[in-house]
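Here the structure is laid out as structure tokens; the discussion comes afterwards.
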Amino acid sequence: MRAAETYLGQPYVFGGRAGRPGCREGKRRVRCPGGIDCQSLIFFSYETVLGRAWTRYSVLPSVSIQRGELGQPVAGLAGVLRDDVDHTLLRRGDVLFFLLDGYNLDADKPLFEHGQAKYGTWHTGLVHCNDGSAVHVIHAKPGDQVTIEPLAAIAFDALYVVRLTEPVRLPAASSSSPAASPSGSSAPAAADRRR
């Protein structure tokens, strides 16, 4: 969690990768946009903790989950409607995929289906703490910055949760903190809904 916390207050930029190298423009490699988005927060945090380059994670949630890149699905939370989320199952560091009915289905497969509804990912975050009375999430809040706020304050119709199951490699004390810049929002803006 400390790796994610280093980005607190960084501005949200859709597609932002903190100005790091590694993005593509056509066939050309270019420096990525500054700022940070919700996926960058998770990718950069995992890079710091696990030592796996942020460019090795899929930006498509369905592919990331299929490959187990960010952890394994949590029983009882691997596709659940908002009103049915069992908060007692959430643990610090769990990756949250916030789903909306019909969202972004032209770009990625739905992570959850219920009846005729198909739920696509609009946002991601990490469980920061669960004190038994409230769950707090660290996320790059669209239109704002990287922040910590109650799960109840974030817009979603359904949730899909994965948990890291491999041992955590802590960075050496002399290692520098991750490159700068994260951010996010609790309700998808019109531009963000096209994601």
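The values are calculated or read from the model by the stated rules, or taken from the named source; none is laboratory data. Predicted, not measured: the structure shown is a model, and the values here were computed from it. Glycine also receives a Cβ, built like all others from the backbone with ideal geometry; neighbour counts cover every protein chain displayed.
If we scan the range 32-39, do we find a residue that is at pLDDT below 95 and part of a strand (DSSP E or B)? Yes, the conditions are met somewhere in the range 32-39.
If you check residue 65 against the conditions, is it crowded, with 20+ Cβ neighbours inside 10 Å, in contact (Cβ under 8 Å) with a residue 60 or more places away in the chain and more than 24 Å from residue 10 (Cβ to Cβ)? Yes: the conditions hold for residue 65. Does residue 3 count as under 23 Å from residue 134 (Cα atoms), free of Cβ contacts under 8 Å to residues at least 40 places away in the same chain and hydrophobic (A, V, I, L, M, F, W, C)? When the stated conditions are applied, residue 3 does not pass them. Please verify whether residue 40 is surrounded by 15 or more Cβ atoms within 10 Å (Cβ to Cβ), touching a strand residue (DSSP E or B) at 6+ places or on another chain (Cβ under 6 Å) and polar (S, T, N, Q), treating the condition exactly as stated. Taking the combined requirement at face value, the residue satisfies it. Selection of first residues in the range 28-47 that are among the small types (Gly, Ala, Ser) and of second residues that are part of a helix (DSSP H, G or I), restricted to Cβ pairs under 8 Å at least 6 apart or on distinct chains, gives the following pairs, ordered by first then second residue: 40/54; 45/3; 45/4. Exactly one residue among 72, 116 is free of Cβ contacts under 8 Å to residues at least 12 places away in the same chain and of a type in the set (S, T, N, Q), and that residue is 116. List, please: which pairs have Cβ atoms under 8 Å, are six or more places apart or on different chains, and start with a residue in the range 88-112 that is over 13 Å from residue 62 (Cα atoms) and free of Cβ contacts under 8 Å to residues at least 60 places away in the same chain and end with one that is charged (D, E, K, R) and assigned to a loop (DSSP other than H, G, I, E, B)? Every condition considered, the pairs that remain are 101/157. Once the range 17-33 is narrowed to residues that are of a type outside the set (A, V, I, L, M, F, W, C) and in contact with a Ser or Thr (Cβ under 6 Å, 6 or more places away or on another chain), the residue that is surrounded by the fewest Cβ atoms within 10 Å (Cβ to Cβ) is 22.
Picking from residues in the range 43-57 that are among the polar types (S, T, N, Q) and at pLDDT 90 or above, the one that is surrounded by the most Cβ atoms within 10 Å (Cβ to Cβ) is 45.
Of the strands (runs of 3 or more DSSP E) contained entirely in the range 45-143, those carrying at least 1 residues that are touching a strand residue (DSSP E or B) at 6+ places or on another chain (Cβ under 9 Å) and under 23 Å from residue 2 (Cα atoms) fall at 72-81, 95-101, 117-130, 135-140.
Among the criteria (1) in contact (Cβ under 8 Å) with a residue 12 or more places away in the chain; (2) over 24 Å from residue 159 (Cα atoms); (3) touching a Pro at 6+ places or on another chain (Cβ under 8 Å); (4) not aliphatic (A, V, I, L, M), the one residue 23 does not fulfil is (1).
Here the range 120-164 is the region considered, the condition is being small (Gly, Ala, Ser) and closer than 17 Å to residue 8 by Cβ, and the residue that is surrounded by the fewest Cβ atoms within 10 Å (Cβ to Cβ) is 153.
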